[in-house]
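Q: Below are the structure tokens for one structure; questions will follow.
The values are calculated or read from the model by the stated rules, or taken from the named source; none is laboratory data. Quick caveat: nothing in here was measured; it's all calculated off a predicted structure. As a convention, Cβ positions derive from the backbone with ideal geometry for all residues, glycine included, and neighbour counts pool all protein chains shown. Accessible surface is based on the protein model in full, side chains and every heavy atom, while ligands, DNA and RNA are left aside. Shrake-Rupley method; radii C 1.70, N 1.55, O 1.52, S 1.80 Å.
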Amino acid sequence: MKNMTDEYMEEKRKMDELEIQKGFETLMTEYLHSNHRRKVAKITKAFTFAKKAHEDTGALRKDGKPYITHPLAVARIVCGEMGLGSTSICSAFLHDVVEDTDYTVEDVENLFNPKIAQIVDGLTKITNREQNTNQSAITDRDSEQAENFRKILLTMGNDIRVVLVKIADRLHNMRTLDFMRLDKQFTISGETMYIYAPLAHRLGLFSIKSELEDLSFKYEYPTEYQMINDKLKETEENRRKLFEDFAKPLRKRLQQLELTYEMKARIKSVYSIWNKMKTKGVAFEDIYDIFAIRIIFEPTGNVDEKNLCWDIYTAITNIYQRHPDRLRDWVSQPKANGYQALHLTVMGPNGQWIEIQIRSKRMNEIDEHGFAAHWKYKKENIEEDTELDKWLETITEILENPNPNTLDFLDTIKMNLFSSEIFVFTPKGDEKTLPKGATALDFAYSLHTGIGNSCIGAKVNHKLVPLSHPLSTGDQVEILTSKSQKPAVEWLNFVTTARARTRIEAVLRRERKDFISAGKKKVLAVLHKSELEPNHTLLDKLAVYYGFSTREDFYYAVEKGDVVLPENINKVLKDIKGNPFFGILIKAFKAFRKKQEPQATPKPKPEFDKSKPYELREEELGRNYIVADCCKPVLGDEVFGFINTDDTVIVHKRSCDMARSLKANFGNRILSVVWSKHNTSSFEATLQVTGIDGIGVLSDISQTISKSNVNIQKLVIEANAGVFDGKIFMQVHDVEDIQEMSAGLSKIQNIKTVSRVLE
């Protein structure tokens with residue numbers, strides 16, 4: 001038996017070695033067909049070094065393959081799917097060496113070069129934080145995920161390739177997520193959708209962004225993912241026929257233009273389809289732009305790319321009727337991620353709306369390879385600075401003065417990752433690109449920090465508006481300033497851009513620090529005048545006497561004028577001494593402060609075996625686990641668990657709006673959970689019904705409710721102009737009760753929609 005096992009292991013080792021060597025040869029073929037300089041020896045050295053380093057640890061991937069298969073796959077993504085060169089490929093091979101082996105960043109620098117070492121260092125996770133992993137309190141210190149991502153972003157200011165290699169690393173991890181535990185699948189997929197997909201989008205990596213979204217969606221919503229996949233397969237033949245019928249007359253017109261072009265069909269991603277179904281509240285069959293046609297041309301002679309896009313547009317609209325509201329000119333005004341194309345929608349031969357995307361080969365490469373292709377063409381002086389350059393400048397500015405709170409910093413960065421753009425103008429006609437929803441104050445900060453800090457209002461299209469006024473595309477904006485103006489806390493409610501928020505927070509932090517320092521001097525001066533020696537105990541007593549839990553808050557209030565100290569502080573101290581309850585109050589505040597500080601010996605927390613799902617037993621409901629108020633899951637819903645500050649498990653629906661943020665920032669607290677049998681428990685649920693108002697509708701609804709097995713708590717219905725909207729608040733046993741109630745209500749003739757409300 002032992003010999004058979006040895007033979008099997010030897011055979012497996014040989015097969016793995018062949019697969020690794022074949023993968024490396026494929027990578028080198030892709031690299032040698034690129035337009036990068038031929039640095040074969042450098043790449044081979046990095047591959048050989050990484051392979052040996054990981055072999056020495058004996059580490060295997062979760063799928064049982066040698067660990068080098070992962071860096072090799074990342075290197076192939078970096079080369080083949082991003083179009084990057086030797087430095088990025090070497091960094092991909094080495095990205096886990098410092099983290100997982102005995103080699104250091106200095107070793108990498110000595111063996112290769114400082115640039116590769118810098119990228120590898122940026123990709124190495126923060127690991128010296130194990131002391132926090134057992135803490136219960138969910139704080140900024142506890143989110144190792146957020147701090148690791150912050151480190152990557154901070155390094156991005158020096159070299160964007162850190163982020164590009166990290167996205168490639170995440171893409172391969174998502175492609176092999178099947179081999180991970182269920183709780184890890186939840187965490188990684190949520191983190192990917194929350195941060196990495198938006199980041200890939202902003203860097204122009206459209207195909208990678210779409211794949212990251214689809215893979216995340218597959219693990220977050222497996223049932224919906226499979227449903228849409230099945231429907232796409234069922235309708236595949238219809239789409240193929242539609243494409244041929246549409247393309248036949250168009251090919252003749254394009255031949256007359258003597259163009260070298262490619263016409264192909266593009267299917268909307270599974271996640272995009274689901275997102276549209278959810279946003280629009282429609283079924284799969286009601287989405288008309290699942291199918292789109294892409295025309296990619298090679299410019300000829302001295303004809304301008306933009307002009308050729310419009311020539312093709314004319315050829316199409318001479319055959320097919322265009323949709324008047326569906327023209328998108330991203331050729332003249334590229335998106336902030338560098339994307340360029342001309343989009344239009346036309347009525348196809350069978351009466352179906354079809355979207356068409358027109359782009360040059362250069363535009364298509366930028367769409368597929370994003371930032372890497374953008375810089376390739378920029379170096380060749382083919383294009384001027386784009387919105388992508390401007391976005392990177394903004395991120396660099398934010399990184400120069402980051403928020404010290406890691407989670408707030410991450411939210412600030414994320415604010416502008418996934419937003420539509422608007423285009424507004426200065427009084428002189430200069431164009432500025434801002435995210436949709438940006439305000440006059442955002443615009444002021446986009447011009448200059450000083451202008452933002454001193455902004456008192458604005459004129460939009462020559463009309464006076466407040467700082468909070470939202471802008472629209474085409475607005476002409478003039479900013480009004482005053483030397484006496486300065487940022488206020490409420491300004492944070494008026495801005496949507498990361499740049500503006502960062503600048504305001506920086507001023508507020510600096511101002512608070514200055515106020516605390518000035519207030520402290522005033523307090524010490526009063527004590528000195530009263531011939532008292534300042535010490536922590538005395539200062540704590542004064543802070544508590546005036547209603548503050550910290551000395552810093554007390555100093556701040558003194559400088560702001562909220563607290564006025566008497567010239568002789570002895571009277572206050574006499575009041576304190578004469579109050580028998582004051583000592584108790586001081587002790588309470590000290591205990592409170594001590595609780596807020598990190599403990600040297602944290603209290604041990606309950607053990608959760610993450611290798612198997614945590615069972616949600618009925619007798620433990622309300623004691624060891626509770627259902628989340630934000631999404632109100634019921635028995636039978638697809639759910640996951642989150643370990644709360646008091647070690648209670650909070651059960652969230654997988655579709656909860658909070659889910660991705662929790663997974664992205666506190667992945668170590670995510671649990672895979674499974675419902676056990678519940679015999680008597682009841683859960684809150686709400687149904688929303690809409691329809692046409694009429695005689696007997698309310699009676700029909702009441703009769704349907706009375707026949708059900710649910711306990712109705714409240715029924716609210718409002719009618720307006722012949723249409724009614726109602727909510728049914730109820731207690732149910734499980735998700736089947738909700739489904740049965742929904743089915744019964746849907747049979748009522750005047751009811752048009754029945755949906756479950758998550759609140």
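Q: Let me check against my output: what whole-number percent is the relative contact order of segment 1-108, with C-alpha pairs under 8 Å and at least 6 apart?
A: Relative contact order here is 29 percent.
Q: How far apart, in nm, are the 7 Å Cα→Cβ label points at residue 33 and residue 253?
A: Each label point lies 7 Å from its Cα, and together they span 3.4 nm.
Q: Here is a further query. Given the protein chains as shown and a 1.4 Å probe, how many square angstrom of residue 528 are accessible, to the nearest 10?
A: 150
Q: Suppose accessible area is computed on protein heavy atoms with a 1.4 Å probe; arrange 96, 6, 178 from highest to lowest. Intermediate values should be presented prior to the final figure.
A: Values: 96 15, 6 75, 178 100 Å².
Descending accessible area places them as 178, 6, 96.
Q: Holding the Cα-Cα limit at 21 Å, pick out from 231/632; 218/264; 233/280; 14/166; 459/486 the pairs that are longer than that. Don't skip to the end; give the middle numbers.
A: Details: 231/632 30 Å; 218/264 26 Å; 233/280 23 Å; 14/166 30 Å; 459/486 19 Å.
Distance filter (> 21 Å) returns 231/632; 218/264; 233/280; 14/166.
Q: If you don't mind, there's one more thing I want to ask. Taking a ≥ b ≥ c as the square roots of the Cα gyration tensor eigenvalues, with a/c under 1.5 meaning rounded and otherwise prolate when a/b beats b/c, else oblate, which class fits segment 424-516?
A: Numbers: a/c = 2.20, a/b = 1.79, b/c = 1.23.
Cα axes put segment 424-516 in the prolate bin.
Q: Okay, moving on. Take each of the peptides 712-718, 738-744, average the number of other beta-carbon atoms within 10 Å over its residues, and list them starting from the highest.
A: Details: 712-718: 12.3, 738-744: 16.7.
In descending order of packing, they fall as 738-744, 712-718.
Q: What is the distance in Å between the Cα centres of segment 738-759 and segment 269-332?
A: Centre-to-centre (Cα) distance: 36 Å.
Q: Send over a whole-number figure in Å² for the accessible area per residue of segment 228-297, probe 1.4 Å. Before the final figure, lay out each step's value.
A: On the way: 3990 Å² over 70 residues.
Accessible area per residue, segment 228-297: 57 Å².
Q: Are there any trypsin sites (Lys or Arg not before Pro) in segment 1-76 that are in a DSSP loop and have at most 16 other Cβ atoms within 10 Å? List them by number.
A: Numbers: sites: 2, 12, 13, 14, 22, 37, 38, 39, 42, 45, 51, 52, 61, 62, 76; in loops: 37, 38, 39, 61, 62.
Sites meeting the loop and neighbour criteria: 37, 38, 39, 61, 62.
Q: Pop a pseudo-label 7 angstrom from the Cα along the beta-carbon direction at both residue 482 and residue 706 and give the gap in nm to one decimal.
A: 6.5
Q: Here's a follow-up. Past the 32 Å Cα-Cα mark, which pairs from 432/663; 483/529; 714/752; 22/125; 12/42; 42/209?
A: 432/663; 483/529, as the Cα separations exceed 32 Å there.
Q: Using the basic label-point model (7 angstrom from Cα toward the beta carbon), what is the residue 310 to residue 426 distance in nanometres?
A: Taking the simple label geometry, residue 310 and residue 426 are separated by 2.7 nm.
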